[in-house]
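Heads up, the thing below is written out as structure tokens.
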Number of protein chains: 2
Amino acid sequence: MKRIVFLLVAVATLAGFLASRTSASSNPREQASPVEASPIYGVTIPPGYRDWKMIAAAQLLVPGKIDQLRAQLGNDIAIRAYKEGTRPFPDGSVIVALHWNRVPSKDNNEVLAGPFPGAQSFLVGSRVNMQIMVKDSKKYAATGGWGFGDFKDGKPGDEALHKTCFTCHEPAKDRDFVFTHYAP
Amino acid sequence: MKRIVFLLVAVATLAGFLASRTSASSNPREQASPVEASPIYGVTIPPGYRDWKMIAAAQLLVPGKIDQLRAQLGNDIAIRAYKEGTRPFPDGSVIVALHWNRVPSKDNNEVLAGPFPGAQSFLVGSRVNMQIMVKDSKKYAATGGWGFGDFKDGKPGDEALHKTCFTCHEPAKDRDFVFTHYAP
């Protein structure tokens, strides 16, 4: 009986693993560079992240330089920590931040002009980059327990870029170095 | 052996069902009015929607009236249709659009001022409303196969509001009446 239970659990685990791999491989972006890791931290793009649960949405504007809509997704460990208010985030938490160019939608504006004169609708355009935070309190003890990765078109940025990650996140130390709040 | 397999599958299914119920009920917003349905369409807030996969993020600005960040989530049927380009969306597809007040983040702006002078960071504030589209090609044949629901604080809007839903979505007929594109 015990052997049968073990066998079934093993089969179920394998099936789940294969299902998650299949799901992950359906997004070409994730296939681009499955083994390329960020400098300093060795963080890679997590398979299947595009199907993770949403933490929040945001906007960043630096006039003349940056004009983005953004969203943050979390793996199940990170989402649970958000919902339960667990800080610091437990090891295994992964947060990905997707950054897109913000583009006006002419189509939507035409539709909205009737009920909402002057409406300005903005949508996500092409992906600018994605940023990843991986919690491993031992491996990344020197940087608040977080490893960082900044990827553009599936390729990690250089070492100089990755030296700025923790410096920028340090002011959020009282929130375990994470800026994003969970959206209601 | 067959009986044991059946028993284990049943237990696993039940565990999964209970887990999904627990997950759904952990969000107070979803508990607010579990049975209140939208007028005309009878659409209700789907349990667990906050954990659905993200379709895209967006922004809507009507100067002096509306200043929102937005995100759209889909159930598994809708997400699969998006990924595979299936149109019209199959029956059972559900799309929810979350609309938040857009609020500037003083904290983030202070952090960003160093590396990005003039940076303006905006986050999601309180929820303004949520809009739901449910595909049922027979039940909602008169409105492109879609039923609509517009909820504020868990309560559906009135009949007059819901009369505007299909009128507004009609211009997107060539995209099965859905405005939102799947974000890269």
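The values are calculated or read from the model by the stated rules, or taken from the named source; none is laboratory data. These figures come from a predicted structure and were not determined experimentally. A quick note on method: Cβ atoms are made from the backbone with ideal geometry, for glycine too, and the neighbour counts reach across all protein chains shown. Areas reflect the complete protein model, heavy atoms only, side chains present, ligands, DNA and RNA absent. Shrake-Rupley method; radii C 1.70, N 1.55, O 1.52, S 1.80 Å.
Points to keep in mind about this one:
- Mean partner shielding of peptide B:109-119, defined as the number of other chain Cβ atoms within 10 Å of each residue Cβ, is 4.
- When segment A:91-152 is reduced to its Cα atoms, the Kirkwood hydrodynamic radius in Å: 14.3
- Shown for segment B:136-184: the carbon plus sulfur share of the solvent-accessible area, taken with all protein chains present and a 1.4 angstrom probe, equals 55%.
- Other copies of A:Gly64: label-to-label distances in nm, shortest first, labels 7 Å along the beta-carbon direction: 3.1
- A:Asp136-A:Asp76 pseudo-label distance in nm [points 7 Å out on the Cα-to-Cβ vector]: 2.1
- The alpha carbon centroids of segment A:148-162 and segment B:131-184 are separated by 40 Å.
- Across the identical copies, the 7 Å label point of B:Pro115, projected outward along Cα→Cβ, sits 4.0 nm from its counterparts, in ascending order.
- Buried accessible area, chains A and B (both chains, 1.4 Å probe, Å² to nearest 100): 4100
- Segment A:114-184: relative contact order as a whole-number percent, Cα under 8 Å and 6+ apart: 20
- Ignoring lysines fewer than eight residues from A:Lys152 along the same chain, the ones with Cα atoms less than 20 angstrom from its Cα are A:Lys65, A:Lys163.
- Label 7 Å beyond Cα on the Cβ vector: B:His181 copy-to-copy distances, nm: 3.2
- Those aspartates and glutamates that a straight Cα-Cα span of less than 13 Å connects to A:Lys83, excepting residues fewer than 8 apart in one chain: B:Asp51
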